[in-house]
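Data block below; observations after.
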Amino acid sequence: MEGLERAGYKDATILEIGSGVGHLHQTLLERGASSAVGVDLASKMIEEARHWAEERRLAERTDYFEGDFMDISESLPDAEVTVLDKVVCCYPDADGLIHSSLSKTKRVYALTYPRNRWYVHVMMGFAALAMKILRSDFRPYVHAPERIENWITADGFDKSYQNHNLLWLTQVYVKTSI
């Protein structure tokens, strides 16, 4: 939120990829964004996001789409602000995901993803093993922050905010060229 506050989202359209139950974009709506689109793979998440939007009186300003963003991105509207909160770690093709989502972004691009540290790789390795044992197709990924930053800046964005904790790296970029 701090990075988005600095970059500005008031009166902006929001696209949240991997929106889950919609907490982040709904909070942005309550604080001044104009409208939001949430995309998630899980129908239960979309169902819950719609429910929360109704409860928070935001339903008229939200739209939800179920599916893999990469498969449905062309049918989605562009947004002034795009958010990927803990989504890049769930996707094997970070390059494709980043470039496709950047193409939908007019002004602000925000993402949180795992730091590239040895202990994060170990944790993700254990998580992947657990998922395999449970016969789940899901696998977590740790992508190189340097590559991600290069893809974003090559698309005309400058980093305006960065913060991290032991596991997560949060970055916000603002478009500087059109």
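The values are calculated or read from the model by the stated rules, or taken from the named source; none is laboratory data. Computed from a predicted structure; not experimentally measured. Here the Cβ positions follow ideal geometry from the backbone for every residue, glycine too, while neighbour counts run over all protein chains shown.
Some notes on this structure:
- The listed residues are L111, L102, and the only one of them that is within 18 Å of M1 (Cβ to Cβ) and either of a type in the set (F, W, Y) or surrounded by 18 or more Cβ atoms within 10 Å (Cβ to Cβ) (or both) turns out to be L111.
- So A49, is it touching a strand residue (DSSP E or B) at 6+ places or on another chain (Cβ under 7 Å), crowded, with 19+ Cβ neighbours inside 10 Å, part of a helix (DSSP H, G or I) and of a type in the set (A, V, I, L, M): yes
- For the range 121-178, filtered to residues that are aromatic (F, W, Y) and assigned to a helix (DSSP H, G or I), the residue that is farthest from A110 (Cα to Cα) is F126.
- Options V83, V87, V120; residue that is touching a strand residue (DSSP E or B) at 6+ places or on another chain (Cβ under 9 Å) and at pLDDT 95 or above: V83
- Qualifying residues in the range 151-165 (those that are in contact with a helix residue (DSSP H, G or I) (Cβ under 8 Å, 6 or more places away or on another chain) and hydrophobic (A, V, I, L, M, F, W, C)) - the one surrounded by the fewest Cβ atoms within 10 Å (Cβ to Cβ): W151
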